[in-house]
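Enquirer: My questions will all concern the structure given below.
The values are calculated or read from the model by the stated rules, or taken from the named source; none is laboratory data. Small disclaimer: the values here were computed from a predicted structure and weren't measured. In this analysis, Cβ positions are derived from the backbone assuming ideal geometry, glycine residues included, and neighbour counts consider all displayed protein chains. Side chains are part of the model used for accessible areas, which takes the heavy atoms of the whole protein and leaves out ligands, DNA and RNA. Shrake-Rupley method; radii C 1.70, N 1.55, O 1.52, S 1.80 Å.
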Amino acid sequence: MRSFNGLLKLFLSAFVVVSTCCLLHGMDDSARRDFLKKHCADCHSGSNAEGGLDVDTLNSDLTQSRTAAVWTRIHDRVADGEMPPQDSSSLSDSERSAFVRSTHEWITQTQKSHFSKFGRAGTRRLTNLQLERTLHDLLGIDIPIASEMPVEPRSDEFSTFAESQAMSHFHLEQHLKAADLALDELFRRVFVEADDSWKEHFTGQEISRIRDRCREPEFIDDQAVVWSSQLIFYGRLPATTAKSSGWYRVRFRASAIKKPEEHGVWCSVRTGQCVSSAPLLGWGGSFEATNEPREFSFDVWIPKGHMLEIRPHDRTLKQAKFAGGQASNGEAEPQGVAGIGIDWLSMERIHFGPTQQELRSSCFEGLYFVEENFSEKNSEGSKSEKNRTRLRSDNPKSDIRRLVARFASRAFRRPVVESDIEKYISFALQNYEETNDLVNALRSGFRSILCSPRFIFLEERAGELDHYAIASRLSYFLWNSMPDEKLMRLAAASKLRDKQVLSSEVNRMLEDPRGKQFIPDFTAQWLELSQIDFTEPDLKLHKDFDTVVQYSMLEETHQFLEYLLKNNAPVKSILDAELTFLNSRLARFYGIDHSQLSDQPQRYEFKSSDLRIGLLSHGSILKVTANGTNTSPVLRGVWIANRILGDAIPPPPENVPAIEPDVRGAKTIRDQLEKHRSDPSCSSCHVKMDPPGFALENFDASGKFRSNYLQLNNGKLQPGQAINPSYTLADGQMFTDLKDFVRLTVSQPDKLAKNLAEKLLAYSTGAPIQFADRESIRTVVQQSAKDDYGIRTLIQAVVASPTFLMK
């Protein structure tokens, strides 16, 4: 009997556990709320709820992104054992597992059902960059367009996100102006004589000053000479003022004057009006002048009325002083400063993309161009003979119909049936009937198409993408432009769901010249490199930082990541690669041996004494994660956690006041953060973001290595407290410095691969990663494991994933 009672007791206990698990596994919204009230309401209820989470007011509408994010965080924190705290809860392991499984299924199925009806992302329009590149490829032009559009709102993620894309009346008005600008250039190029052929050569004397007390070069020994100085616009060349906006190939021969023994004279090439009322200058490039004369070449966009400025640009050089804000002949040379001498300079108008004949064939196929003479009276009444080009057609109305339909198919990035585009054709035909002007009629038809929603927005229907939508998604992912003929042929043949075809296309597109922009485009947003000039390091604290250094930092990061991508390097190489790409100026700024380097970025293998490793030691990363004056382990830590490690750090809860926790008695930033970690409302995030932040404390706001913080002593900045970059990871492992932190971090390459896959998918699909995407992400990571989580393999797996291939 005693044995039977024991068995019955055991059976009833098991029955209770199983029943509880079954109930939780299939729990409804009421049951989930009961779970939260039982285990979480003590801390997360009412106006003073910890972390801003009030379970009493939490709704279950997962179509709201904020609500979905809260439920996702609840799921993850319960799954990780962070919530409820083990020391204040009676929650059993079985109850925890059941809640996690049930919540996982509920969120996943609810989101998938929503996706099937409405898609993951909303309707996306072309970004400013995508609009510019699309107009370039569609029309064969090369002029800047993006700068004519309204500035896109800055997002913590990507400008491709549908939810952050505004479409106002002002935006539509600017789009129309951009379309007109593009069409003006197309028709100008098609009809202009000799396709803008123009070239001019200047001697050193011709680009030198013609009067004293100015900011042009002085003429010395047959050279146009510019000395090292901080005088604004010094080195401007009025002789190079552009008579029309366009791309120019600028070539010149230059050499250093009074070159320092250790290095050459670094110089910049910039463009602008070079007057005080228009102080902004456009960047053309940089070079290092040496004693040996060398020829340099730069392709630069010069707006009408703007000129070149070529000058020494290195803050480590001694700077000449000029009296009265203007430079006089012979004033700088006695000061013992370095300079450059330019022997000659040539400018040639160039175009990127199709020739004039190719443009005519592309947009006006089947028509012919006729050169004709005509007479024109001048203001004095006398006649002069001139030439002009006319567009001719044997059957204008038929050709208008044909060419507008052909243009619509290319612009809409898919085949069209005539009934769908009849309104565009009718508009063009009406224009022709009213004006009898074939050119104007075609232009009006093209213009109406460029203002169509089918051009401005990406045509994606809920559910699986059709093959033409896949072609567009792939091309705007890797090129930020429209699909080319190869992609369109594959779409027409319904081959863009074949994984081998997709993999082959990824390789082809990345090797294409347009693919060279993938890394700069993606990192501009993923790594926020577009914000590198958002702040300028305080020149009192960082005296040798300058614009040449900043652009060199961007080149370093771009070439480094392009190298890893080209070689399908393991994703961990992003952090632990013992190499980078440096020019001599950036190496000198970093305190690295630059004796074997030039003014072009070269592969450089780190030495142990260089104290740098991987992406996190790049100046570009260190600069965008600082405020220009000092550094913050918190800000850098949040940035690295969110963008590199995949440890999502949410913003502080709205109900948490700006007042910091009690940090009385804390003398250093480390002491203050220890106080934070001791506060339960702060510790769960700081335990993840503080370690990477401290790992970078040896690098200042400009990207240079430092061993001590600076402090004011009798009005002078001097080395102060020694920096301690050591810390403890969330799992209890300790590290001593950046290299040690990287060693521990790369021991989980799947985590790094998961983060990169999420960023690639979010960027390419136009929507943040959702809970229901996790299965797809997991598959992508598993598929890349065979190649040691290679970066190119990751991109190929992303492109072949169900998430990429659906709206």
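Enquirer: Find the relative contact order for the chain and round it to a whole percent, using C-alpha pairs within less than 8 Å whose residues are 6+ positions apart.
Expert: Working: 1265 pairs, mean separation 95.9, N = 807.
Here the relative contact order equals 12 percent.
Enquirer: Now a separate question. Can you pull the Kirkwood radius for the range 510-646, inverse mean 1/r over Cα pairs, to one decimal in Å?
Expert: Values: mean 1/r = 0.0642 Å⁻¹.
When all Cα pairs of the range 510-646 are included, the Kirkwood radius is 15.6 Å.
Enquirer: Between Val417 and Thr355, what's the calculated FRET efficiency when r is the beta-carbon distance and R0 is 30 Å? Round to 0.05. List each step's numbers first, then the result.
Expert: Details: r = 33 Å, r/R0 = 1.09.
For Val417 and Thr355, the calculated efficiency is 0.35.
Enquirer: Treating cross-link reach as a plain straight distance, find the lysines whose alpha-carbon is under 19 Å from the alpha-carbon of Lys112, omitting any fewer than eight places away in the same chain.
Expert: Of all the lysines, those that pass the test against Lys112 - Cα under 19 Å, at least 8 places apart if same chain - are Lys807.
Enquirer: Mind checking which lysines have their Cα closer than 16 Å to the Cα of Lys516? Skip sequence neighbours fewer than 8 apart in that chain.
Expert: Lys516 reaches Lys566.
Enquirer: With r defined as the distance between the Cβ atoms of Leu635 and Lys377 and R0 fixed at 41 Å, what FRET efficiency is calculated, to the nearest 0.05?
Expert: Working: r = 69 Å, r/R0 = 1.69.
Efficiency, from the Cβ-Cβ distance: 0.05.
Enquirer: In the set (i) 45, 33, 24; (ii) 98, 45, 24; (iii) 54, 41, 21, which value of semi-axes √(5λ) of the Cα gyration tensor in Å was calculated from the structure you see?
Expert: Here semi-axes √(5λ) of the Cα gyration tensor in Å agrees with entry (iii).
Enquirer: About the Cα centre of the chain, how large is the charge dipole given +1 on each Lys and Arg Cβ and -1 on each Asp and Glu Cβ? Please answer in debye to the nearest 20.
Expert: On the way: 100 positive and 109 negative charges, 151 e Å.
In debye, rounded to 20, the chain gives about 720.
Enquirer: Test of understanding: given the chain, find the longest segment containing no GluC sites (Glu not before Pro) that are in a DSSP loop and have at most 11 other Cβ atoms within 10 Å.
Expert: On the way: sites that count: Glu261, Glu262, Glu365, Glu380, Glu654.
By the stated rule (loop sites, at most 11 other Cβ atoms within 10 Å), 381-653.
Enquirer: Taking 0.36 nm per residue of separation and subtracting the Cα-Cα distance, what length does fully extending Gln602 through Arg778 add? Spell out each step's value before the answer.
Expert: Working: separation 176, 0.36 × 176 = 63.36 nm, distance 3.64 nm.
Contour length minus Cα-Cα distance gives 59.7 nm.
Enquirer: Counting just the Cα atoms, what span does the range 357-505 cover along each of its three principal axes? Round to the nearest Å and put the largest first.
Expert: 70, 30, 28
Enquirer: Okay, next question. Run lengths n ≥ 4 of DSSP H only: what is the helix-derived mean residue ellipticity at 222 nm for the chain, with -39500 (n - 2.57) per run over all residues, to the nearest 500? Could you put the intermediate results ahead of the total?
Expert: Numbers: 26 runs with 325 residues, N = 807.
Value at 222 nm, helices only, nearest 500: -12500 deg cm²/dmol.
Enquirer: Based on the Kirkwood radius over alpha-carbon pairs, what value in µm²/s does the Stokes-Einstein equation return for the translational diffusion coefficient of the range 570-624 at 10 °C and 1.306 mPa s? Display every interim value, and only then the final one.
Expert: Values: Rh = 11.5 Å.
Stokes-Einstein gives a translational diffusion coefficient of 138 µm²/s.
Enquirer: Let me ask something additional. Could you tell me which of the pairs Lys499/Lys754; Lys243/Lys318; Lys258/Lys321; Lys259/Lys607; Lys117/Lys751 are separated by over 25 angstrom between their Cα atoms in the structure shown?
Expert: Details: Lys499/Lys754 20 Å; Lys243/Lys318 36 Å; Lys258/Lys321 17 Å; Lys259/Lys607 28 Å; Lys117/Lys751 31 Å.
Too far apart for the 25 Å limit: Lys243/Lys318; Lys259/Lys607; Lys117/Lys751.
Enquirer: Label Lys177 and Glu292 with points 7 Å out from Cα along Cα→Cβ: what is the distance between them in nm?
Expert: If labels sit at Lys177 and Glu292, their model points lie 5.0 nm apart.
Enquirer: Give me the percent of the accessible area of the chain that comes from carbon and sulfur atoms, probe 1.4 Å, all protein chains in place.
Expert: 51
Enquirer: As I understand it, the dipole of the chain uses +1 on the Cβ of Lys and Arg and -1 on the Cβ of Asp and Glu, about the Cα centre. Which of Ser617, Val742, Val798 lies farthest toward its positive end?
Expert: Positive-end residue among those listed: Val798.
Enquirer: Assuming a ≥ b ≥ c are the square roots of the Cα gyration tensor eigenvalues, decide whether the range 703-789 counts as rounded (a/c under 1.5), prolate (otherwise, with a/b larger than b/c) or oblate.
Expert: Values: a/c = 3.57, a/b = 2.26, b/c = 1.58.
The shape class here is prolate.
Enquirer: For the range 395-484, calculate the relative contact order in percent as a whole number, restricting contacts to Cα pairs under 8 Å that are 6 or more residues apart.
Expert: Details: 74 pairs, mean separation 22.8, N = 90.
The normalised contact order for the range 395-484 reaches 25 percent.
Enquirer: Run the quick spin-label model on Asp538 and Asp512: label points 7 Å from Cα toward the beta carbon, then report their separation in nm to one decimal.
Expert: Each label point lies 7 Å from its Cα, and together they span 4.9 nm.
Enquirer: Per-residue accessible area for Cys451 at 1.4 Å probe radius, Å² rounded to 10?
Expert: 50
Enquirer: Could you tell me the extents of the range 86-136's C-alpha atoms along the three principal axes, largest first, rounded to whole Å?
Expert: Sorted largest first, the three principal extents are 63, 28, 11 Å.
Enquirer: Under a point spin-label approximation (7 Å from Cα along Cα-to-Cβ), what is the Lys386-Asp76 distance to one decimal in nm?
Expert: If labels sit at Lys386 and Asp76, their model points lie 6.6 nm apart.
Enquirer: Taking Lys377 as the anchor, which lysines have their alpha carbon closer than 17 Å to its alpha carbon, excluding any fewer than eight residues away along the same chain?
Expert: Lys386
Enquirer: Moving on. What FRET efficiency comes out for the pair Glu261/Tyr709, r = Cβ-Cβ distance, R0 = 41 Å, nearest 0.05? List each step's numbers first, then the result.
Expert: Working: r = 33 Å, r/R0 = 0.79.
About 0.80, to the nearest 0.05.
Enquirer: Is the shape of the range 229-344 rounded, prolate or oblate, going by the alpha carbon gyration tensor and its root eigenvalues a ≥ b ≥ c, with a/c under 1.5 for rounded and a/b larger than b/c for prolate?
Expert: Note, shape of the range 229-344 comes out oblate.
Enquirer: Using Cα pairs closer than 8 Å and at least 6 residues apart in sequence, work out the relative contact order for the range 489-632, in percent.
Expert: On the way: 135 pairs, mean separation 35.2, N = 144.
Relative contact order comes out at 24 percent.
Enquirer: Now for a separate question. Rounded to whole Å and ordered largest first, report the semi-axes of the equivalent ellipsoid of the range 105-226 derived from its Cα gyration tensor (root of 5λ). Please report the intermediate quantities before stating the final value.
Expert: Working: eigenvalues 492, 92, 35 Å².
So the equivalent ellipsoid measures 50, 21, 13 Å along its semi-axes.
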